[in-house]
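Take a look at the structure below.
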Amino acid sequence: MLNIYNTLTRQKEPFSPIDPQNVRMYVCGMTVYDYCHLGHGRVMVVFDMIARWLRAHGYPLTYVRNITDIDDKIIARAAENGETIGELTARFIQAMHEDADALGVLRPDVEPKATEHVGQMIHMIERLIANGKAYPAENGDVYYAVREFAAYGQLSGKSLDDLRAGERVEVDGFKRDPLDFVLWKAAKPNEADFWESPWGKGRPGWHIECSAMSEELFGDTFDIHGGGADLQFPHHENEIAQSCGAHGGHCGHNHEGKQIESHVKYWLHNGFIRVDGEKMSKSLGNFFTIRDILKVYDPEVVRFFILRAHYRSPLNYSDAHLDDAKGALTRLYTALKNTPPAEFALSEDANEYTRRFYAAMDDDFATVEAVAVLFELANEVNRTNSAELAGCLKALAGIIGLLQRDPQEFMQGGQAEGGLSNEEIDALIEQRKQARAAKNWAESDRIRDLLTAENILLEDGANGTVWRRG
């Protein structure tokens, strides 16, 4: 049975979907005003892995990942660039898709945009006001009254009194309480992008969009809500308050006899990517974009780097860690290169390796242990040259989006920016072959040394010379 860690209850729980024939997962996606960094890449890869595993289990899954295409940063960046918001967001949505495709991330079933659901957001805000959970302010904004939701703080473990005493609470003279958060923002002077509403021209706050879009797509309740750990508070905490407040009456799920107030049954959060001990983020300026990293490393190496750590654990970024991931993935591909895989009828009970792989993945998507099984299997393939086990290795890895390429293509891919192309390497190897035929050993050694300096490794065999990038 699949067990997953529920951030809301702070424990692992058996996965029991609300409707086994209609499993629903919503993940908070990107705010599209710049290129995605590796932290965004981790969200995409992690929940792609989770979606793949749920489907491998036979669950009929609908996977939604939203796009935030209106907020303060988007407005500011568009103005800075002298372009419309639509032009800016269209460009970065395309870039996001290119990055996700490169990392082997399958497209979500639905990818709703905030700007296409403003009407639903306005309707939800109206219901919140009618239910006494929100109020319009004199400045044209609408706020959620946090103290009207008794369960506020249950996801993050923060109490209202602790939050009230905190130094980071926003001060706003139009709020009834400093903890209240904005649902609708009145349009500022000379602001061109706005929508009409019962409270005047403006646009939705960030938090309301996911509550409104998930309700539009899934109804009052659904199975899994995911995102990065940084969204746990306040974004996801606010989502619970909004959704439960808008639905009215009872909003919750029974967990081991305890009623939890949430429109979502299971909350999943992936850990941060850290650089020198700090969270990778644009605000700290310590981020690396996916496309910059892919100029140096093969996309599958980056995916493997993410998946070889548990999704909830912090992940330390460095070139050394990516180099290690490259070497490790190469070892797996080498087993498949030396022993071409046969077709394998994959099932949980096919052999001891499949049983252990499935058990690992069923334990809160424990990819660390699952990848360890792949290496044990690769060692056995190398020892026995079993095409069946090679097929098992490829099939198991394929569940999480790995090892599906031609091994030689992988080993010869990953050209570094400014490095030798495959065609240039092949030409040098041909020149070396001719030098060896002419017994010009000095020239042969010169070419090998040149290739070695470019991190190109040669393997001379009875059928000629093959090469791979080191």
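Taking the condition touching a residue at least 24 places away in the same chain (Cβ under 8 Å), not aromatic (Phe, Trp, Tyr) and not in a helix (DSSP H, G or I), does Leu402 pass? Lay out the reasoning, then the answer.
Details: touching a residue at least 24 places away in the same chain (Cβ under 8 Å): yes; not aromatic (Phe, Trp, Tyr): yes; not in a helix (DSSP H, G or I): yes.
When the stated conditions are applied, Leu402 passes them.
Kindly establish whether Val371 is surrounded by 14 or more Cβ atoms within 10 Å (Cβ to Cβ), of a type in the set (Val, Ile, Thr), touching a Phe, Trp or Tyr at 6+ places or on another chain (Cβ under 9 Å) and in contact (Cβ under 8 Å) with a residue 12 or more places away in the chain. Walk me through it before giving the result.
Values: surrounded by 14 or more Cβ atoms within 10 Å (Cβ to Cβ): yes; of a type in the set (Val, Ile, Thr): yes; touching a Phe, Trp or Tyr at 6+ places or on another chain (Cβ under 9 Å): yes; in contact (Cβ under 8 Å) with a residue 12 or more places away in the chain: yes.
Yes: the conditions hold for Val371.
Answer yes or no: is there a residue in the range 347-368 that is part of a loop (DSSP other than H, G, I, E, B), surrounded by fewer than 17 Cβ atoms within 10 Å (Cβ to Cβ) and charged (D, E, K, R).
yes
If you check Tyr35, Tyr26, Tyr63, which single one turns out to be farther than 20 Å from Glu116 by Cα and assigned by TED's automatic domain parsing to the domain that holds Ser156? So that I can check it myself, show each step before the final result.
Working: Tyr26 fails: farther than 20 Å from Glu116 by Cα; Tyr63 fails: farther than 20 Å from Glu116 by Cα.
Result: Tyr35 is the single residue among Tyr35, Tyr26, Tyr63 that is farther than 20 Å from Glu116 by Cα and assigned by TED's automatic domain parsing to the domain that holds Ser156.
Out of Gly226, Gly248, Gly200, Gly205, report the one residue that is out of contact with any Pro (no Cβ under 7 Å at 6 or more places or on another chain), assigned by TED's automatic domain parsing to the domain that holds Met49 and under 24 Å from Tyr59 (Cα atoms). Talk me through it step by step, then tell me what you get.
On the way: Gly248 fails: under 24 Å from Tyr59 (Cα atoms); Gly200 fails: under 24 Å from Tyr59 (Cα atoms); Gly205 fails: under 24 Å from Tyr59 (Cα atoms).
That would be Gly226, the only listed residue that is out of contact with any Pro (no Cβ under 7 Å at 6 or more places or on another chain), assigned by TED's automatic domain parsing to the domain that holds Met49 and under 24 Å from Tyr59 (Cα atoms).
Can you pull out every residue in the range 408-446 that is touching a residue at least 40 places away in the same chain (Cβ under 8 Å), surrounded by 14 or more Cβ atoms within 10 Å (Cβ to Cβ) and either small (Gly, Ala, Ser) or over 19 Å from Leu322 (Cα atoms) (or both)? Before the answer, list the steps.
Here is the first cut: in the range 408-446, the ones touching a residue at least 40 places away in the same chain (Cβ under 8 Å) are 408, 410-417, 425.
Checking the rest, the ones that are also surrounded by 14 or more Cβ atoms within 10 Å (Cβ to Cβ) come to 408, 410-415, 425.
Hits for the range 408-446 are Gln408, Gly413, Gly414, Ile425.
Return the only residue of Thr62, Thr84 being at pLDDT 95 or above and of a type in the set (S, T, N, Q). Can you show your working first?
On the way: Thr84 fails: at pLDDT 95 or above.
Within the list Thr62, Thr84, the selection yields Thr62.
Check off (1) more than 26 Å from Asp69 (Cα to Cα); (2) of a type in the set (A, V, I, L, M, F, W, C); (3) not in a loop (DSSP other than H, G, I, E, B) for Phe174 and give me the number that stays unchecked.
(3)
So is Leu374 under 28 Å from the mean Cα position of the chain (by Cα), under 19 Å from Thr334 (Cβ atoms) and in a helix (DSSP H, G or I) or not?
Here the answer is yes, as Leu374 does meet what is asked.
Would it be correct to say that Glu13 is touching a residue at least 24 places away in the same chain (Cβ under 8 Å), surrounded by fewer than 20 Cβ atoms within 10 Å (Cβ to Cβ) and out of contact with any Pro (no Cβ under 8 Å at 6 or more places or on another chain)?
Details: touching a residue at least 24 places away in the same chain (Cβ under 8 Å): yes; surrounded by fewer than 20 Cβ atoms within 10 Å (Cβ to Cβ): yes; out of contact with any Pro (no Cβ under 8 Å at 6 or more places or on another chain): yes.
Yes: the conditions hold for Glu13.
Among residues belonging to the range 434-461 that are more than 46 Å from the chain's Cα centre (by Cα) and in a helix (DSSP H, G or I), point out the one that is farthest from Tyr297 (Cα to Cα).
Narrowing the range 434-461 to residues more than 46 Å from the chain's Cα centre (by Cα): 434-444.
With in a helix (DSSP H, G or I) added as a condition, the list becomes 434-437, 441-444.
Numbers: Gln434: 32, Ala435: 32, Arg436: 32, Ala437: 35, Trp441: 33, Ala442: 33, Glu443: 31, Ser444: 29 Å.
Result: Ala437.
Every residue in the range 184-215 that is farther than 24 Å from Thr84 by Cα and more than 23 Å from the chain's Cα centre (by Cα), please.
Across the range 184-215, the qualifying residues are Pro198, Trp199.
Of all residues in the range 90-118, count the ones that are without any contact (Cβ under 8 Å) to a residue 40 or more places away in the chain and either under 15 Å from Ile70 (Cα atoms) or crowded, with 21+ Cβ neighbours inside 10 Å (or both).
First, pick out the residues of the range 90-118 that are without any contact (Cβ under 8 Å) to a residue 40 or more places away in the chain: 90-91, 94, 97, 101, 107, 116.
From the residues that got through so far, the ones that are either under 15 Å from Ile70 (Cα atoms) or crowded, with 21+ Cβ neighbours inside 10 Å (or both) too are 90-91, 116.
So the answer is 3.
What about Ile70, is it outside any helix (DSSP H, G or I) and not assigned by TED's automatic domain parsing to the domain that holds Leu402?
Against the criterion (outside any helix (DSSP H, G or I) and not assigned by TED's automatic domain parsing to the domain that holds Leu402), Ile70 qualifies.
Within the range 184-199, track down each residue that is assigned to a loop (DSSP other than H, G, I, E, B), under 17 Å from Arg127 (Cα atoms) and in contact with a strand residue (DSSP E or B) (Cβ under 7 Å, 6 or more places away or on another chain).
Ser197, Trp199
Kindly provide the set of residues from the range 138-181 that are over 18 Å from Cys244 (Cβ atoms) and at pLDDT 95 or above, ordered by number.
Passing the criteria: only Asp141.
Could you grab me the full set of residues in the range 294-324 that are crowded, with 22+ Cβ neighbours inside 10 Å and in a helix (DSSP H, G or I)?
Glu300, Val301, Val302, Arg303, Phe304, Phe305, Ile306, Leu307
Examine the range 141-158 for a residue that is acidic (Asp, Glu), buried (at least 19 other Cβ atoms within 10 Å of the Cβ) and under 33 Å from the mean Cα position of the chain (by Cα), and state whether such a residue exists. Lay out the reasoning, then the answer.
Taking the range 141-158 as the starting set, the residues that turn out to be acidic (Asp, Glu) are 141, 148.
Going one step further and asking which of them are buried (at least 19 other Cβ atoms within 10 Å of the Cβ), we end up with 141.
Now drop any that are not under 33 Å from the mean Cα position of the chain (by Cα), which leaves 141.
Yes, that holds for at least one residue.
Can you find even one residue in the range 94-104 that is at pLDDT below 95 and not basic (Lys, Arg)?
no
From the list Met121, Met49, exactly one residue is under 23 Å from Tyr26 (Cα atoms), touching a Leu at 6+ places or on another chain (Cβ under 7 Å) and surrounded by 14 or more Cβ atoms within 10 Å (Cβ to Cβ). Which is it?
Working: Met121 fails: touching a Leu at 6+ places or on another chain (Cβ under 7 Å).
It is Met49.
Write out, first by first residue and then by second, each pair whose Cβ atoms fall under 9 Å of each other, whose residues are 6+ apart or on separate chains, and whose first residue, in the range 338-367, is in the same structural domain as Pro407 (by TED's automatic domain parsing) and farther than 19 Å from Trp53 by Cα while the second is crowded, with 17+ Cβ neighbours inside 10 Å and of a type in the set (Lys, Arg).
Pro341/Lys394
The values are calculated or read from the model by the stated rules, or taken from the named source; none is laboratory data. Quantities reported herein were computed from a predicted structural model and do not represent experimental measurements. Virtual Cβ from ideal backbone geometry, glycine too; neighbours counted across all protein chains shown.
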